[in-house]
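Beneath this line is the structure, given in structure tokens, with notes to follow.
The values are calculated or read from the model by the stated rules, or taken from the named source; none is laboratory data. Please read these numbers as outputs of a predicted model, since none were measured by experiment. Positions of Cβ are backbone-derived with ideal geometry, glycine not excepted, and every protein chain shown enters the neighbour counts.
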Amino acid sequence: MSLQTDDSGGSSMSASSDALGDRFYPLYDRLFGDDSEFVADVETKLAQARMSDTVELYLSRALGIGFISGLSLWLVGLMLGYGVFAIGLLSNEALIGIPVGHGLLLELIELLRIPAVVFFTGLVFGSIGFAIGFGSMVAIPYSRASTRKREINMLLTDSVSFMYALSVGGLNQLEIIEAMAQADDTYGEVAKEFQSIVKETEYFDIDYRTAIRKQALQTPSDDLSQFLTDMLSIVNSGGDIESFLEDKKEKHMRTAKQEQELTLETLELFGEMYMTLSLFPLLLIIIMVVMKMIPNATVTDQMLYMVVYGLIPMIGVGFLVLVSTVKHDEPGDGFLSMGNTEQRTETGQEGGLLSLGLVEQFTGEHSIFDRVKNREGTYETMEVLRKPHLFFRDNPLVTLALTVPMVLVIVVTAMVNGSAPTSWQGMLDRPIWGTFIYVYLPLYITAIPLSIFREWNVRHRNSVVNKLSEDLRKLSSSNDTGLTLLESLKSVSDTTNGKLAREFEMMHTKVNYGMSLKEALIEFNNKYHIPRLARTTRLITEAQEASNQISDVLRTAATASENHDDIERERKSRTRMQIVIIIMTFMTVLAVIAILKTQFIDTMAGLNAGGGGSEASASAGGGSGMEGANLSENIDVDMLSVLFFHAVTLQAIISGFICGYIRDADLLSGLKYAVALSSIALIGWMLVA
């Protein structure tokens, strides 16, 4: 049975992979037995990663890829081993320093030593190639399973709250599982685990108890596995599912706070590590500068270049990678879909220049729709020109389409006119101006608009959740009095201030003009597309379809929102201290390098310029062995000044991005810190120089 697909490239690639796996299956069969623990572990990870390959085919393909990469590097190793003799990098006079005398043994060694070295080099490279090819293939399911486990654990607290709210709303066990499976746009990988349960029961004629038991064994998350196991015991015993979900909700809320505490403590440890590591290049620079003053020292300018342009960025990037293993952004994009109803809200867009809305789905069928699209595009373009600040607020990255070409034009024009230095000597002659043209000016032109509009976008969207917990409590109280959800929205909007209350009023108006409440809620959510808001909206939309009296559901949503608020406040408070530590570390580096420049390097340069007579007299008067030696003759003051300036500039930019990532798990959040710290570095160096 062949797989038909429109993507011929992907189909041919899959076919070639299967052919490779089939060809190396005998090798797999010879290497791995039926009871191999390694094969069983890989099979488990394939299931947890939701990869459809069988373990036999996957490992056979991995062996084939390992063989190909090993063979390639084996040939490279052979050529390299032969080349070291051919070009004279390795002498063939004495490869082993062991005396063997004369005779047949010596002749045999003379005959075999070069082929042995070549063979050994090829063997080492081939083994490395096979390990890389085979190991990278085997690592893929482990990596994907780990990623799914992380996302499941992050969303499990909100997922249990969602299921509890549905049980409070009157849904039974099967309806809760089906609703959870349909909420993949909100609960991601958790919903996919429940989708597997539903598919097992629908397509394979398995009862849902067996499907739950099977999924509890397959899921990569131990927490979800325990939850499913406990849920199965409640189902088998006929216990109260609502009480069970309430207990689990409380437990996972406490667990989420404990995990947040552990994450923040780890970030504090990383902050202390960064404070120590970021000072290491500074100590190296000081040691190298002092050693360069010593005659016949082995320190070269290239070593200083490696420290400034290599070690400082490498430490910063390494620290970002280290932090990313602990601090993760919130999963999900915040958009909700309407399911099988209208397509207009499925896109998650309300129209605009970048998405013209519903008309794009019908263009090409009839000419009338093409004309409508052209008119709509003209109208949206005029709206953007009339209010460009709102367009850039909603699409901050679009500012790069204007600022990047502007930077290129300015820099190229400066280079052509001779205003910007085009050589290293020119940079040494005008270090501040050259660095400003090539680093600071592009940073300011691109980062400042992007940072402003991004911060505006984030604050505009987050302002709707500032009073979310409070307004959910008010909705619950209004619903308790007998008002429907729609009437409760109107009541809260009339008695409450804030952006969320105005959105409640707008939803009430939309429903009065014929839109369904579910559609109004989803359009409201997609307008702001915040993952936290999406989970709350999904909860309310599912509950209101079953009943208008959902005060208990709203209280549950309010409790989950308050728990999120508590975690967020704690996170902001603790990460603020990490940001202060990183900024103070940068200020320390800037101060020390400025003192090194003004009080040491410039002083030694002054002694070199005006100390000729004293040196001559000292030489004539006799003395120690260092007489007449100029300690600063190996010091290039201009070069060191440029390197110092570039060191503090790189430190400022990297520290800024680290601050933003620690704060919000988003590199773009670090733009404002990078601009501020680099400006301090520029102003400080202008005063120093």
Exercise. Only one of these conditions is not met by Thr147: (1) part of a helix (DSSP H, G or I); (2) at pLDDT below 85. Which number is it?
Worked result: (2)
Seminar exercise, completed: By residue number, the members of the stretch 378-430 that are small (Gly, Ala, Ser) and modelled with pLDDT under 90 are Gly418, Ser419, Ala420, Ser423, Gly426
Problem set entry | Residues that are within 41 Å of the chain's Cα centre (by Cα) and on the phi > 0 side of the Ramachandran plot, drawn from the stretch 459-505 | Gly498
For this session: Could you run through the stretch 39-79 and say how many residues are under 27 Å from Lys192 (Cα atoms), β-branched (Val, Ile, Thr) and assigned to a helix (DSSP H, G or I)?
Result: 4
For this session: For the stretch 279-298, indicate whether the set of residues that are under 20 Å from the mean Cα position of the chain (by Cα) and either closer than 14 Å to Ile662 by Cβ or surrounded by fewer than 17 Cβ atoms within 10 Å (Cβ to Cβ) (or both) is non-empty.
Result: no
For this session: Determine if the stretch 100-110 includes at least one residue that is modelled with pLDDT under 85 and in contact with a Lys or Arg (Cβ under 9 Å, 6 or more places away or on another chain).
Result: no
Exercise. If you check Thr276 against the conditions, is it part of a helix (DSSP H, G or I), of a type in the set (Ser, Thr, Tyr), modelled with pLDDT under 90 and under 30 Å from Met604 (Cβ atoms)?
Worked result: yes
Problem set entry | Number of the condition not met by Thr54 [criteria: (1) surrounded by 19 or more Cβ atoms within 10 Å (Cβ to Cβ); (2) over 23 Å from Gly126 (Cβ atoms); (3) over 29 Å from the mean Cα position of the chain (by Cα)] | (1)
Exercise. Tell me, which residue of the stretch 198-238 that is outside any helix (DSSP H, G or I) and surrounded by 13 or more Cβ atoms within 10 Å (Cβ to Cβ) is farthest from the chain's Cα centre (by Cα)?
Worked result: Ile206
Problem set entry | Residue list for the stretch 418-431, restricted to those being touching a residue at least 40 places away in the same chain (Cβ under 8 Å) and crowded, with 16+ Cβ neighbours inside 10 Å | Met427, Leu428, Pro431
Exercise. Residue check: is Leu428 of a type outside the set (Gly, Ala, Ser) and touching an Asp or Glu at 6+ places or on another chain (Cβ under 8 Å)?
Worked result: yes
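Table: residues versus (1) assigned to a loop (DSSP other than H, G, I, E, B); (2) at pLDDT 85 or above; (3) farther than 29 Å from Asn395 by Cβ.
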| position | (1), (2), (3) |
| --- | --- |
| Ser488 | no, yes, yes |
| Val492 | no, yes, yes |
| Leu500 | no, yes, no |
| Phe504 | no, yes, no |
| Glu523 | no, yes, no |
| Lys527 | no, yes, no |
| Thr536 | no, yes, no |
| Glu542 | no, no, yes |
| Glu545 | no, no, yes |
Exercise. Among the residues of the stretch 564-593, which ones are surrounded by 19 or more Cβ atoms within 10 Å (Cβ to Cβ) and touching a Gly at 6+ places or on another chain (Cβ under 8 Å)?
Worked result: Gln578, Ile582, Leu590
